[in-house]
Every structure is written in C-alpha cells, then in structure tokens.
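Step one of this worksheet: look at the structure below.
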Amino acid sequence: MPSSERDIADVRERCRRLVRKRATWAAGVAAVPLPGIDIVSDLKMFTDLIDEVNTAFGLTAEQIERLQPKFRMIAYEAAVSVGGMLVGKLVTRDLVIKLMAKSGKKMVAKQASKIVPLAGQVASAAIGFFAFRQIGYQHVEACAKVARELLAAKE
C-alpha cells in the first residue's frame, strides 16, 4: 500500500499508463472484423487490469482484510463514497459484465460498426479504446482516492 502522497501519485501514474496500454490492445482486438471476439477479450483484459490496479494500490480484498478493523472500515467507506464498485472486491466476470453494461451503448455501437468495412473497424477500435480507457481511469481514480483516505487516517 502506498505510504505517502508521492507514492500514491506514482502508483496512479503507473496504473494510468497500464490502462492506456490495455486500451490500445483492446482497440487492436476491436479492429478485428469478427463480432464478439472483442467483448471476450475486453472482459479478460479488464478483469486482469482491475486486479493489477487494486494490487498496486494495496486494495485487493485480501489486502484490505489484513488491515486493522478501523482502517478496513475506512477503506470500504471510502470505496463506497467514490463509487468504486471494484475497489477491494474480488473481481468476477459477472461484476465486469455489469460494469461494461453501463457502457452498453458504446458496446452496441462498436459491434454495429463492424458491419461497415474498414471505416467500421476504425470506428470500432476508437470506441473500444475510449470506452476501455474511461472505465479504467475511473477505477484508478477511485483507488487513488481510497488510498488517500487511508493515508490521511493513518496520520
């Protein structure tokens, strides 16, 4: 778990780079003109990304359970207050599907755009990149806020 504001900022930036890298991969898969393959890929990549971000911030379910009860409560309250439904949770496929359903319109547009050759693939890749990046960034920011709350409570 990051032990200073500087550590939190470093972990945040490292995780944002990871999000951009994964979003680029997601865009590449989205450009493949096979409907459905990108959704399966997105689910796997996003599940792995959430686990890696939670681990980097010290906010996996196991890490939070090892905290003193006072800090555990602060972590969960902070996660709820920022809407971080994936902070400190065991990430399951169903949970990721629920999260991606919130971006449903983008996913439908991404799939529909595959019908139009080349231009549709480019549009699908762009939509995939921006949707993946946005959801990833939101999770990184939620984790950073929870980490800051815990740091403030320890001081």
Inset, instruction - Check off (1) closer than 23 Å to residue 21 by Cβ; (2) surrounded by fewer than 20 Cβ atoms within 10 Å (Cβ to Cβ); (3) modelled with pLDDT of 80 or more for residue 148 and give me the number that stays unchecked. - result: (1)
Inset, instruction - Kindly list, by first and then second residue, each pair from a residue in region 22-36 that is under 17 Å from residue 50 (Cβ atoms) and part of a helix (DSSP H, G or I) to a residue that is among the small types (Gly, Ala, Ser) and at pLDDT 80 or above, limited to pairs with Cβ atoms under 9 Å and residues at least 6 apart or on different chains. - result: 22/136; 23/131; 23/136; 26/131
Legend entry - Tabulated pairs, region 52-70, first over 10 Å from residue 143 (Cβ atoms), second among the hydrophobic types (A, V, I, L, M, F, W, C) and outside any loop (DSSP other than H, G, I, E, B), C-beta under 6 angstrom, 6+ apart or interchain: 64/75
Inset, instruction - Looking only at region 46-73, count how many residues are over 13 Å from the mean Cα position of the chain (by Cα), surrounded by 14 or more Cβ atoms within 10 Å (Cβ to Cβ) and assigned to a helix (DSSP H, G or I). - result: 4
Legend entry - Check on residue 43, modelled with pLDDT of 60 or more, hydrophobic (A, V, I, L, M, F, W, C) and not in a helix (DSSP H, G or I): no
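Residue by residue, here is whether (1) surrounded by fewer than 14 Cβ atoms within 10 Å (Cβ to Cβ); (2) more than 19 Å from the chain's Cα centre (by Cα); (3) in a loop (DSSP other than H, G, I, E, B); (4) modelled with pLDDT under 90 holds:
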site	(1), (2), (3), (4)
2	no, no, yes, yes
6	yes, yes, no, no
11	no, no, no, no
80	yes, no, no, yes
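The values are calculated or read from the model by the stated rules, or taken from the named source; none is laboratory data. Keep in mind that what you see is a predicted model, and the values were worked out from it rather than measured. Note that we place each Cβ from the backbone using ideal geometry, even for glycine, and neighbour counts take in every protein chain shown.
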